[in-house]
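Following: one structure in C-alpha cells, then a few remarks.
The values are calculated or read from the model by the stated rules, or taken from the named source; none is laboratory data. This structure is a prediction, so every number in the text was calculated from the model and none was measured. Neighbour counts are summed over all protein chains in view; Cβ atoms, including those assigned to glycine, are modelled from backbone coordinates with ideal geometry. These accessible areas exclude ligands, DNA and RNA; they are computed on the full protein's heavy atoms, side chains included. Shrake-Rupley method; radii C 1.70, N 1.55, O 1.52, S 1.80 Å.
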Amino acid sequence: MATSPFRYFISLFLLLLCFEACLRVGDAKVGCRERERQALLHFKQDVVDYGGVLSSWGNGEDKRDCCKWAGVECNNQTGHVIMLDLHGGYLGGKISQLGPSLAELQHLKHLNLSFNDFQGILPINLGNLSNLQSLDLGNNYGDMSCENLDWLSHLPSLTHLDLSFVNLSKAIHWPQAINKMPSLTELYLSHTELPPIIPTISISHINSSTSLAVLHLSSNGLTSSIYPWLFCFSSGLVHLDLSMNDLNCSIPDAFGNMTTLAYLDLSWNKLRGSIPDAFGNMTTLAYLDLSSNELHGSIPDAFGNMTTLAYLDLSWNQLEGEILKSLRDLCNLQTLLLSQNNLTGLLEKDFLACSNNTLENLDLSSNQFRGSFPHLSGFSQMRVLYLKFNQLNGTLPESIGQLAQLQVLSIRSNSLRGTVSANHLFGLSNLFDLDLSFNSLTFNISLEQVPQFRASRIMLASCKLGPHFPNWLQTQEVLRKLDISASGISDVIPNWFWNLTSDLQSLNISNNHISGTLPNLQATPLILDMSSNCLEGSIPQSVFNAGWLDLSKNLFSGSISLSCGTTNQSSGGLLHLDLSNNRLSGELPKCWEQWEDLIVLDLANNNFSGKIKNSIGLLHGMQTLHLRNNSFTGALPSSLKNCRALSLIDLGKNKLSGKITAWIGGSLSDLIVLNLRSNEFNGSIPSSLCQLKQIQMLDLSSNNLSGKIPKCLKNLTAMAQKGSQDLSYEALYNSGILLSYVDNTLVQWKGKEQEYKKTLGLIKSIDFSSNKLIGEIPIEVTDLVELVSLNLSRNNLIGSIPTTIGQLKLLDFLDLSQNQLNGRISENLSQIAGLSVLDLSNNTLSGKIPLGTQLQSFDASTYEGNPGLCGPPLLKRCPEDELGGVSFTNGLSSKKEDIQDDANNIWFYGNIVLGFIIGFWGVCGTLLFNSSWRYAYFQFLSKIKDWLLMEVTLGINHLQGTMMMGIGSAAVKTNYGKFKDHKRCTYMIVNALDGDDTLTAAQVSHKLKQQLAYVPHQKRAEDNLHLRDEDLNGCDIAKAQYSNDETLFSLRKRCKKENHRLLSEEIAASRFGYQSPSEDDNIEIAVKVWVFVTMPVEASSDDI
C-alpha cells in the first residue's frame, strides 16, 4: 500500500505524456495557424500570378496545410509561418495592397519577393514584422517606390535588406534610417536613385550599425558627399560596391583605413587623379575594380603589399608607365585587366612571375606595349589572353602551344610576323576563341594536320592563308563566327565549306579573289559579307534571309526579283542590303514590304532600269538609299516621303525626270546628303528644300533646272553652323552581335568624283552647276559661312559677284564660270585664305583683278574669257597702269593703304614709347625705390669708369710712343748723313733734334745701331766727368748745358720734359682745379684697378 501513491504518480505522468503526444499529432494534422493561412489567401487574391506559382494555395482538403504551400515555410513546433520566399515567381500586382495581409504574419523572419513584377508604394505595415531578419524586395520590374524609410527602425532584428531598383529618390533621410538599424550586416540599395546626402543634415553615427559588412550602393548617381557617412563604417566593412555613380574627384586616402575590406568596386565613375598609395594598407583585399574612370599616373608600388589580391581591374583609364615589378609579388592573382590605358614598355619574361600558377585571365589590350611576344609558357592555368591593339613585333613563339588550359587567344592588330604552324595552336584542345587578325602572319599547315580544338570563333583577317582554302577549317563543326577576309585566297569555294554555314552567325570572306557561284544555302548566316571577290552568276534566294548582306564588288548578274520569295525571317529581318558594283539588271522587285526593317539599301553601279516602285515607301526605317549610276526612269515615287528616317539619298547618274517634288523638304527633314546630279529633272528648285536644316551636301547639278536660286537657302542652318552630322549607325541583333556602318557616297570635288566615307560628314557643299538657272546670285548664300564648296557654273546667272562673298572664309572650292556675271571682282574675295580652286572664267567681269597674294596665285585660266578683266595674273595691263594715272578705284585703294600705313605707324611708335616706359621704369624705378640696388649700381658704374680711364690713358701713351719712335727714326737717319764723320756724331744729332724734344743720346745711339750705322768711338774728357747726383737736383740746366757727356745730354732732355709737364699741370690746375697724382697715387690707382678686375661681384667699396 505504501507504493500506491508512487504508482499513481507514475500513471499520471504517463497519461500526460500521452496527452501531449496526442496534441502534437493533432497539430501536425492541422498544419499552419488558421489566421496566418487566411492572411496568405488574402495575399494570393491581391497578386497577379502569371506563372501559376501559387496554384498550390487554396481551400481544398488537400491544401489545408499552408506550410506545404509553394514558397511557405513554418516553424516545426509552433506552426507559425517564418518564411515566405516567392522570388522569381512571375508575380505582379500592387505591392501596397499586400501590406495588410503580410502584417498578419507576425512571426515571419524571412520575406523575399525579389525578381517579380510588383509595383506601387511599399507599405509601411512591413514595419510591424518585428521578428523579420531578412527582407528582399529588390529587382522588381515594376515601378516600386518608397518615400521614406523610417519604418525600418521598427525592425531591430533585420540583418539583410535588399531594396535594389526601388525608387528612393524622395527618401532624403535614408542615411539616418540606416544608422538606426544596429543589427544590419548586409545592405543592397543599387539602382534606387538615392538622393545626395545634404551636408546641413547631421549624420549621427552614435547608434549606427557597427556590424555592417556588405554595402551595395551602385548606380545611384552618388557624389563625394557620400564619403563622410561611408567612412563611419570603415572598421567593419568587408564588401563595398560604389560602381556606376558620379564620384568625380580624386580617390580619398581614407579608403586606406578600410583595412578589413575584401571587395572594393569603384568602377564606372569619373574618378580623377592618381591611385593613392594608401591602397597598399588594404592587405586583406581580394577584389579591386577601378575600371572605367579617368585615373592617370602610374600603378603604385604599394600594390605589391596587397598579396591577397585575386582580381585587379584597372582598365579603361589613362594610366601610364610600365607594369611595375611589384606586381610580381601578387602570388594569388587570378585576373589582371589593364586594357584601354596608355601603358608602355616591354613585357619582360617574369613580369608576373609569382602568379604563373594562379593567373587565369590576362587582358593587356589597347595599350602601347612593344617588343616581342611575352614568354608565358609557365602560366599553367591561363585561360583568357588578350594582347590585341598593341605594338608587339617579332614572331609568335611556339611556347604559346604549351598553355594547355587556354580558351581565348586574341592578339589582333599588332605587328607580328612570321609563320604559324600546327605546333603553335593545334595542341590547344580547350581553345574556342582565336583572333590573330591584322598581323603579318602566314599559316603553314599541311592538309593532314588537324587541330585538336573545336572553336566557335575564328578571326584571321589579313593573315596569309591562301592561295587555297584552308583545309583544316572543315573540322570546325561548331563555328559561330568566321572571318578570313583579305587572306590571299584565290580559289573556288569547296563544297565542304557550305557545311560550316549551318551554325554560322557571321561569315566574312571579303577582299579575296574567290570565284565560282553561290548555291542555295539551307541555312544563311545572320551576317554574310562576300564583297570584293570574283563571284558570278545569279544571286540565290536563300541569301536574302540574312540580316546583313553585302555582295558588292563582284560579278553577279541577272535580276533580283527572286528575292521576293524569301520567307525565313528567323533572323529578325534584313537590315543591311548592299549589292552595289555588280552587273545586276532588270527592274526593282515589288516586295519591299518583306524587308520593312531595312536600314541601308545600296544598289548603285548596276544596270537596273525601269521606274522606282511605290512599294519602296514601305521601308519606313530606311536611313540610306543608294541607287546611283543605273538607268532608272520616271519621276520620284511619292511614297518615298514616308521614309522619314532617310539621312542620305543618292540617285545621281540615272534618267529620272519630272520636277523635284516639294515634299522632299517637308517630309525628309533629317536629310544630310541629297544627290540628284546627272538626271533629267526640270522646273525650278523648290523653296521647300530650304526646310532641310540638317542638309550638308546638296547636289542638283547636270539637270534641266531653270528659274532663280531661292533666297531662302540661308535657312540651311547646318551649312551656317559649326559641327558635323553623324552618317553612321549601329545594329544590334538578337544574338548579341553589334555591327556598325559608316555611310559613303561619291562627291564631285575639284572636277573629280571622289568617294568619301569617314569624312563625309565634314563636307558642306552646294552644287547647282550645269543647269539653266537665271537671275542673280542671292546674297543670302554668303550667310552659309561653313560652306567648303560652292559650284554655280554653267548656268545663265547675271549680276555681280556678291560683295559679301568674303564671309565664306572656309571655302576651298568656288566655281562661278560660264555664266553672264558682270561688274568687278569683289575685293572681299581675296579674304578667303584657304581657297585652293577658283574659276571665274567665261563671264563678262571687268576691271582690275584685286591685288592680293590669294587671287594672283591662281593661273590665268581662272579669269580667261572675261575681256574686261585686267591686271595680274593676266598679261593685259589696266589703263591706269599704262597711263600712270590714278583711277577712282586706285584712289580708294591708295587711301585704304595710307590708312593702313598710318595705323601701322601708330602701332609702331606706340610700341616704341611703351617699350621705353617699361624699360626706363623697369631699371630706374628699381634703383629709385631700392637703396641697396641703387648703391650697388652706381658703385658698378664707378668701377667701369676707372677701368676705362686707365685703359684709354695707357693706350694713348703707347700710341704716342710708337708714333714718336717712328718719327725719331726717320730724323736720326737724316741727321746721321750730316754728322757721320764728326767724332761726337751722337751728340750732334741730339742737338739737331733738340727742337723735337723726343730722343736722348742713348736712344739715338740705339737707333743708329738698329740701322747698322757706324758710330765713332768717343773718349770722355777727363775734365768732363759725370756730374754728381746732387748737382742734378732740380734739373739745373746751367750746370749741364755745357757738358759733352752723353748722360748729361740725356738728363738735359729729361729736365726739359719735366718742366713742360709741370707747366701743363699748372695750366690745368688753374682752369679745372685738377691736381696731378703722385707716384704713390699712381701705384694706388693701379692696385685698385687690379682689385676691381679680380674681386667678386659681391665685394663692396669698403673691401676695396
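Summed over the range 655-674, the residues that are within 19 Å of L760 (Cα to Cα) and not in a loop (DSSP other than H, G, I, E, B) give a count of 2.
Taking the criterion of being charged (D, E, K, R) and part of a strand (DSSP E or B), the only residue of the range 144-166 that qualifies is D162.
The set of residues in the range 132-144 being under 42 Å from the mean Cα position of the chain (by Cα), of a type outside the set (S, T, Y) and open to solvent by 50 Å² or more (accessible area, probe 1.4 Å) consists of D143 alone. Identification of strands (runs of 3 or more DSSP E) wholly contained in the range 419-471 with 3 or more residues that are of a type outside the set (G, A, S) and closer than 15 Å to L482 by Cα yields 433-435, 457-459.
Here N125 fulfils each of the conditions (1) polar (S, T, N, Q); (2) in contact with a strand residue (DSSP E or B) (Cβ under 9 Å, 6 or more places away or on another chain); (3) in a helix (DSSP H, G or I) apart from (2). Among the residues of the range 939-958, some residue qualifies, meaning at least one is over 52 Å from the mean Cα position of the chain (by Cα), open to solvent by 100 Å² or more (accessible area, probe 1.4 Å) and at pLDDT below 75. Might you check whether a residue that is touching a Cys at 6+ places or on another chain (Cβ under 7 Å) and modelled with pLDDT under 95 occurs anywhere in the range 332-353? No; the residues of the range 332-353 include none that is touching a Cys at 6+ places or on another chain (Cβ under 7 Å) and modelled with pLDDT under 95. Within the range 781-828, the set of residues being open to solvent by 60 Å² or more (accessible area, probe 1.4 Å), over 15 Å from M719 (Cα atoms) and in contact with a Ser or Thr (Cβ under 7 Å, 6 or more places away or on another chain) comprises R794, T803, Q818, Q820, N822, R824.
The residues of the range 829-842 that are within 21 Å of N866 (Cα to Cα) and surrounded by 18 or more Cβ atoms within 10 Å (Cβ to Cβ), listed by number, are L829, S830, L835, L838, D839, L840, S841, N842. When residues in the range 643-654 are screened for being assigned to a loop (DSSP other than H, G, I, E, B) and either surrounded by 23 or more Cβ atoms within 10 Å (Cβ to Cβ) or not aliphatic (A, V, I, L, M) (or both), 8 of them pass. The residues listed here are N568, N512, N581, N533; of these, the one that is modelled with pLDDT of 90 or more and more than 22 Å from N607 (Cβ to Cβ) is N512. Residues considered: L762, L713. Of these, the only one that is within 32 Å of the chain's Cα centre (by Cα) and either farther than 17 Å from D815 by Cα or surrounded by 19 or more Cβ atoms within 10 Å (Cβ to Cβ) (or both) is L762.
Of all residue pairs spaced 6 or more apart or on separate chains, those with beta-carbon atoms under 6 Å, a first member in the range 49-76 that is farther than 19 Å from I95 by Cβ and a second member that is part of a helix (DSSP H, G or I) and open to solvent by less than 30 Å² (accessible area, probe 1.4 Å) are C66/R37; C66/L40. For the residues S490, S515, the requirement of being in contact with a Pro (Cβ under 9 Å, 6 or more places away or on another chain) and open to solvent by 20 Å² or more (accessible area, probe 1.4 Å) singles out S490.
Right, G910: farther than 21 Å from S800 by Cβ, within 50 Å of the chain's Cα centre (by Cα), modelled with pLDDT under 85 and open to solvent by less than 40 Å² (accessible area, probe 1.4 Å) or not? Against the criterion (farther than 21 Å from S800 by Cβ, within 50 Å of the chain's Cα centre (by Cα), modelled with pLDDT under 85 and open to solvent by less than 40 Å² (accessible area, probe 1.4 Å)), G910 qualifies.
Given the criteria in a loop (DSSP other than H, G, I, E, B) and on the phi < 0 side of the Ramachandran plot, does S183 qualify? Here the answer is yes, as S183 does meet what is asked. For the structure I just gave you, tell me whether S243 is open to solvent by 30 Å² or more (accessible area, probe 1.4 Å) and either in contact with a strand residue (DSSP E or B) (Cβ under 7 Å, 6 or more places away or on another chain) or free of Cβ contacts under 8 Å to residues at least 12 places away in the same chain (or both). When the stated conditions are applied, S243 does not pass them. Of the residues making up the range 318-331, those that are modelled with pLDDT of 90 or more, touching a Ser or Thr at 6+ places or on another chain (Cβ under 7 Å) and of a type outside the set (A, V, I, L, M, F, W, C) number 2.
Quick one: which residue in T335, T395 is touching a strand residue (DSSP E or B) at 6+ places or on another chain (Cβ under 7 Å), farther than 27 Å from N293 by Cα and hydroxyl-bearing (S, T, Y)? Exactly one residue qualifies, and that residue is T395.
Looking only at the range 384-410, count how many residues are assigned to a loop (DSSP other than H, G, I, E, B) and either open to solvent by 60 Å² or more (accessible area, probe 1.4 Å) or of a type outside the set (K, R) (or both). Of the residues in the range 384-410, 10 are assigned to a loop (DSSP other than H, G, I, E, B) and either open to solvent by 60 Å² or more (accessible area, probe 1.4 Å) or of a type outside the set (K, R) (or both).
Show me the strands (runs of 3 or more DSSP E) entirely contained within the range 786-829 in which 1 or more residues are touching a residue at least 12 places away in the same chain (Cβ under 8 Å) and farther than 23 Å from L762 by Cβ. In the range 786-829, the matching strands (runs of 3 or more DSSP E) lie at 796-799, 820-823. Considered as a group, the residues in the range 266-310 that are among the acidic types (D, E) and more than 20 Å from the chain's Cα centre (by Cα) include one that is farthest from P252 (Cα to Cα), and that residue is D301.
Against the conditions (1) within 57 Å of the chain's Cα centre (by Cα); (2) at pLDDT below 90, C22 satisfies every one except (1).
Checking each residue in the range 335-358 for being part of a loop (DSSP other than H, G, I, E, B) and surrounded by 14 or more Cβ atoms within 10 Å (Cβ to Cβ) picks out L338, S339, Q340, N341, T344, G345, L347, E348, F351, L352, N356, T358.
For L84, which of the numbered conditions (1) open to solvent by less than 10 Å² (accessible area, probe 1.4 Å); (2) of a type outside the set (K, R); (3) assigned to a helix (DSSP H, G or I); (4) closer than 24 Å to T185 by Cα fails to hold? Only one criterion is unmet by L84, namely (3).
Looking only at the range 145-161, decide whether some residue is over 44 Å from the mean Cα position of the chain (by Cα) and of a type in the set (G, A, S). Yes - at least one qualifying residue is present in the range 145-161.
Quick grid of which residues meet (1) out of contact with any Ser or Thr (no Cβ under 7 Å at 6 or more places or on another chain); (2) closer than 26 Å to I798 by Cβ; (3) in contact (Cβ under 8 Å) with a residue 24 or more places away in the chain:
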position: G617; (1), (2), (3): no, no, yes
position: G658; (1), (2), (3): yes, no, yes
position: S684; (1), (2), (3): no, yes, yes
position: S687; (1), (2), (3): yes, yes, yes
position: M697; (1), (2), (3): no, no, yes
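Is it the case that S841 is over 24 Å from S702 (Cβ atoms) and either touching a strand residue (DSSP E or B) at 6+ places or on another chain (Cβ under 6 Å) or among the hydroxyl-bearing types (S, T, Y) (or both)? No: the conditions fail for S841.
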